[in-house]
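These notes concern the structure reproduced below.
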Amino acid sequence: MDKLIPVTQPFLPPLEAFLPYLEQIWESKQVTNGGPFHTQLEAALCDYLGVEYLSLFSNGTLALITALQAMKVTGEVITTPFSFVATTHALHWNGIRPVFADIDPVSLNLDPQKIEAAITPQTTAILPVHVYGNPCEVEAIERIADIYGLRVLYDAAHAFGVRKNGQSVLNFGDMSVLSFHGTKIFNTFEGGAIICRDAKTKRHIDHLKNFGFADEVTVVRPGINAKMNEVQSAFGMLQLQYVDQIALARAQIADRYRSAFRGVEGLLMHEVPAHSTRNNSYFPVRITDDFPVTRDELYDRLRTASILARRYFYPLISEFPSYRGLPSAGAANLPIATEISRQILCLPIYPALDIQSQQRVIDVVLAASGVAQASAALTQTAEFPPVEAV
Ligand SMILES: *Cc1c(COP(=O)(O)O)cnc(C)c1O
């Protein structure tokens, strides 16, 4: 039986490298509530990402829920069905009615024209997702938000480190939310962050994530407990030393997939718009009717070969029982998202995916495509550089 190849795997630095961080925590006895590692990680992430105000959270979902609270969003919010369920769940947990709009077939992100068509007098905000780290049409969305007086919250869970025209994509909209879950490219096991525009808003968010406490005796609003603890924050500081190597390893894997699959009929790869960087957080392909087997058949063949590709995002959020009764959830309203959801397959990509394992993935896909021989040349590419401690 071949070694199991997951779709993703968290990057874990050598355990010895983490021990000095743990010793500091044991020494100080400060395990949470905005300790030194929490403060350091907020500053270090601002610096690395090129943003001004960032507030750490215990996970991305609580960050989304809290961001909506901080913006006092109510009524209806326009969002994408082509995402992870947490995007829409965050609206539900705020008593907001999700309104699904269709996606663009190239970017796979919300189509600005469809956003505009979905606006009603009840609409208060837009919740787009930079799917697979591919930036949304942020300028067009900003224009719509300005015209109709709407707030914009980006679910940027996939967009760590992504830049557009040299500018962090996290600097668009009123707020952006990151996830540092173990499956994401930068992880603190569980974790997340809200990026906002000014110091006053950050202060408010910091109160909200700590029960609403502004000081020892003042509770400004009914807050939640969504603080990141010191062990997670320390791990983030360590992880940050490896992010450039992680990015490089992912880029090499993505390049190898791209050259292996170039020209394969019926297999479409995801293109990133000009002037945007690619963080290779996922490697999605679309298996269309021109491919010899269906997407699900290919998914099954990969599983049989112990390769766990994932159908992100299938089903659509709008197809889950909690949301499918909404007027905007029907397939007729979401034809492009519906079609793409049935074609999409995310292939394994993570720094520890070695060249032999990647070749196994490529061989199964090419065999299904009927061009199995083409893979031979690929084994002659350069040695996979190991990711080592900085
Ligand atoms: C991972 C993810 C989330 C949720 O983040 P958690 O940190 O796991 O709570 C939200 N939205 C999208 C698009 C995600 O991929």
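The values are calculated or read from the model by the stated rules, or taken from the named source; none is laboratory data. The structure presented is a predicted model; accordingly, all values stated were derived computationally and were not measured. Here the Cβ is made from the backbone with ideal geometry for all residues, glycine too, and neighbour counts use every protein chain on show. What goes into the accessible areas is simple: the full protein's heavy atoms, side chains included, and nothing from ligands, DNA or RNA. Shrake-Rupley method; radii C 1.70, N 1.55, O 1.52, S 1.80 Å.
Scanning region 13-42 for residues being open to solvent by 100 Å² or more (accessible area, probe 1.4 Å) and not polar (S, T, N, Q) gives a total of 6. So S276 fits all but one of (1) open to solvent by 40 Å² or more (accessible area, probe 1.4 Å); (2) among the hydroxyl-bearing types (S, T, Y); (3) at pLDDT below 95; what number is the exception? Result: S276 fails condition (1) only. The conditions of being over 19 Å from I5 (Cβ atoms), buried (at least 17 other Cβ atoms within 10 Å of the Cβ) and either modelled with pLDDT of 95 or more or under 26 Å from the mean Cα position of the chain (by Cα) (or both) are not met by S357. In this structure, I115 does satisfy being open to solvent by less than 10 Å² (accessible area, probe 1.4 Å), more than 14 Å from the chain's Cα centre (by Cα) and over 26 Å from A226 (Cβ atoms).
A residue that is in a helix (DSSP H, G or I) and either more than 14 Å from the ligand (Cβ to nearest atom) or crowded, with 18+ Cβ neighbours inside 10 Å (or both) can be found somewhere in region 160-170.
Among helices (runs of 4 or more DSSP H) entirely within region 24-134, having at least 3 residues that are small (G, A, S) and over 19 Å from S318 (Cα atoms) singles out 60-70.
Among residues of region 305-321 that are of a type in the set (D, E, K, R), those with a Cβ under 6 angstrom from a residue that is part of a loop (DSSP other than H, G, I, E, B), sequence gap 6+ or separate chain, pair up as R310/V7. Go through the residues of region 127-146 one by one and say whether even a single one is at positive phi, within 15 Å of the ligand (Cβ to nearest atom) and open to solvent by 10 Å² or more (accessible area, probe 1.4 Å). The answer is yes, given that some residue of region 127-146 is at positive phi, within 15 Å of the ligand (Cβ to nearest atom) and open to solvent by 10 Å² or more (accessible area, probe 1.4 Å). Only one of these conditions is not met by E139: (1) over 26 Å from D206 (Cα atoms); (2) assigned to a loop (DSSP other than H, G, I, E, B). Which number is it? Going through (1) over 26 Å from D206 (Cα atoms); (2) assigned to a loop (DSSP other than H, G, I, E, B) one by one, E139 breaks only (2).
Taking region 171-189 as the range and being more than 13 Å from the ligand (Cβ to nearest atom) and open to solvent by 10 Å² or more (accessible area, probe 1.4 Å) as the test, the residues that pass are N171, F172, G173, D174.
So H204 clears everything in (1) without any contact (Cβ under 8 Å) to a residue 12 or more places away in the chain; (2) touching a helix residue (DSSP H, G or I) at 6+ places or on another chain (Cβ under 7 Å) except one condition, right? Which one? The number of the failed condition is (1).
Among the residues of region 190-201, those identified as away from the ligand (no atom under 16 Å from the Cβ) and either within 21 Å of the chain's Cα centre (by Cα) or surrounded by 19 or more Cβ atoms within 10 Å (Cβ to Cβ) (or both) are C196, R197.
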